[in-house]
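Note sheet for the following structure.
No value in this document is a laboratory result; all are computed from the given coordinates. Computed from a prediction, not measured in an experiment: that's the story for all the values here. Counting neighbours? That spans all protein chains shown, and the Cβs are built from the backbone with ideal geometry, glycine included.
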């Protein structure tokens, strides 16, 4: 029997078109760090590059306290609320983010000396971090609305334009004006600022901003978002702590080689994120008027994606030696090949997580994700403490694999309790 995508419930044209736009957008965004890498390493000293990296760490740790999962809350509200109530929900979300940024600013101000000593980030950039996160929140809201509205082209135009401005400003300020690492950071700030203004104007034109702020929606957003903070912070812990262990127990060069393997495996993550951006509106739309037939189709679609993830791992494992042999990556990083299989499998399980976690988001039981990811972040730290001193960078790679597998299986089990699906009976006709 010939394979037909319609047999499993996808509208072939619209779904694949949306997926292609999201995938292309994610590939472009992920390509920018690769393109900038030789430029940054040529124009910046090791200390400057380290400072730039630490600013990024601060951003990733701070933004969960300001974003508070508002983008995910809006994604579910778009399909739950009447359209005339959505502007109040979105505007109430911005109020929450604004006060979150004020709180983080004062925390940074109070502990500025300790944070500066820990990260090496200058004081003025330290205090700008909350503002950067607030501007990024505006951009996230615009993008999630385009995603929910099934407007991948609008999504792509906004995100790609932001990325290109970021890239162009960074090149101009680093190369022409010789501003060093601050040139890169000013490029990020400038692009975020410009597009947060454009984003607010776009939301206003679409009728999604209002002065009617609802206490009910503020409470709903806080109930939804506060439990997500451990969940979203757990991500940087799982992604970054292994490199700190490698640096301390092996050496800095080993960290660079290990990171190269991570960059290669990010191809799987990019594809998974692009699929999820297309999948989530489709899933929520189906769940809003669910039937048993639709449930079985959703499960079939999920299993197909899981199979694709595993095939991507196999493909990357086969192609990686060719990438090095053709000189796309400098041969001094050739040791990265040995980490590809466990890291890419870990990335694949991270992609599979999307297929099961969205049911928990739909039911607004985000506290479940908070506990699971927080527990697995602790597991990641414990495994790194044990495995890295014993097995070096390979211990970190296996820690990443084990942790992501644990998250996927745990969330799958719990999501089925929150929203039962025929995961093991979808093939039955009755």
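The table below lists the values:
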{"quantity": "Percentage relative contact order, the chain, counting C-alpha pairs under 8 Å, at least six apart", "calculated": "21 percent"}
{"quantity": "Residue exposure sequence - 140, 349 - by fewest surrounding Cβ within 10 Å", "calculated": "140, 349"}
{"quantity": "Modelled FRET efficiency - R0 25 Å, residue 307 with residue 425, Cβ distances, 0.05 increments", "calculated": "0.85"}
{"quantity": "Length released on extending from residue 325 to residue 60, taking residue separation times 0.36 nm less the Cα-Cα span", "calculated": "91.9 nm"}
{"quantity": "Isotropically averaged projected area of the chain, using the convex hull of Cα atoms (one quarter of hull area), nm²", "calculated": "21.9 nm²"}
{"quantity": "Residue 84 paired with residue 213, simple spin-label distance in nm, labels 7 Å along Cα-to-beta-carbon", "calculated": "2.4 nm"}
{"quantity": "Residue 35-residue 110 FRET efficiency (beta carbon distance; Förster radius 35 Å; 0.05 resolution)", "calculated": "0.35"}
{"quantity": "Mean separation of Cα contacts under 8 Å, 6 or more apart, over the residue count of segment 228-430: relative contact order %", "calculated": "36 percent"}
{"quantity": "For 319, 96, 138, order by how many other beta-carbon atoms lie within 10 Å, fewest first", "calculated": "319, 138, 96"}
